[in-house]
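So the structure is just underneath, and the comments pick up after that.
The values are calculated or read from the model by the stated rules, or taken from the named source; none is laboratory data. As the structure is a computational prediction, the values presented were derived from the model and not from experiment. So basically every Cβ, Gly included, is an ideal-geometry build from the backbone, and we count neighbours across all protein chains shown.
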Amino acid sequence: MARGWESKSVEGQQEGAGQTRPAGAATPQQQEQTRQRRLQGLQMQRERILSERTSSPHRRSALQLALADVERELEQLGWTIHI
């Protein structure tokens, strides 16, 4: 009796294994969560860059380039400036 149950369980596992997603494929929900985390991280970087004050023209130039890069990435993710 136990053997019959075990064989059915194995058959069910084998059938279920054929229906799983390929390795590395993310669900739409996981993709959205990843996108939201990336968006939040970029927003934090943007805020940090904007909060820095410097009298060095070289540092200011580097910050402006970094800000432009972060804002470009944010735009690619569908972000808009909230004023």
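What's the number of the only condition in (1) surrounded by fewer than 11 Cβ atoms within 10 Å (Cβ to Cβ); (2) outside any helix (DSSP H, G or I) that ALA26 fails to meet?
All conditions are met except number (1).
Return the pairs, sorted by first residue and then second, in which the second residue is exposed (fewer than 11 other Cβ atoms within 10 Å of the Cβ) and not acidic (Asp, Glu), the first residue lies in the stretch 57-81 and is touching a residue at least 24 places away in the same chain (Cβ under 8 Å), the beta carbons are less than 9 Å apart, and the residues are 6+ apart or on different chains.
From residues that are touching a residue at least 24 places away in the same chain (Cβ under 8 Å), the pairs are GLU71/ILE81; LEU74/THR80; LEU74/ILE81.
Restricted to the stretch 56-83, and to residues that are touching a Lys or Arg at 6+ places or on another chain (Cβ under 9 Å) and among the acidic types (Asp, Glu), which residue is nearest to GLN45 (Cα to Cα)?
Among residues in the stretch 56-83 that are touching a Lys or Arg at 6+ places or on another chain (Cβ under 9 Å) and among the acidic types (Asp, Glu), the one nearest to GLN45 (Cα to Cα) is GLU71.
Inside the stretch 35-83, can you point out the residues that are of a type in the set (Gly, Ala, Ser) and surrounded by 13 or more Cβ atoms within 10 Å (Cβ to Cβ)? Explain how you work it out, then say what you get.
So in the stretch 35-83, the residues of a type in the set (Gly, Ala, Ser) come out as 41, 51, 55-56, 61-62, 66, 68, 78.
Within the stretch 35-83, ALA62, ALA66 qualify.
Is it fair to say GLU6 is assigned to a helix (DSSP H, G or I) and at pLDDT 65 or above? Let's see the steps before the verdict.
Numbers: assigned to a helix (DSSP H, G or I): yes; at pLDDT 65 or above: no.
So GLU6 does not fit the description; no.
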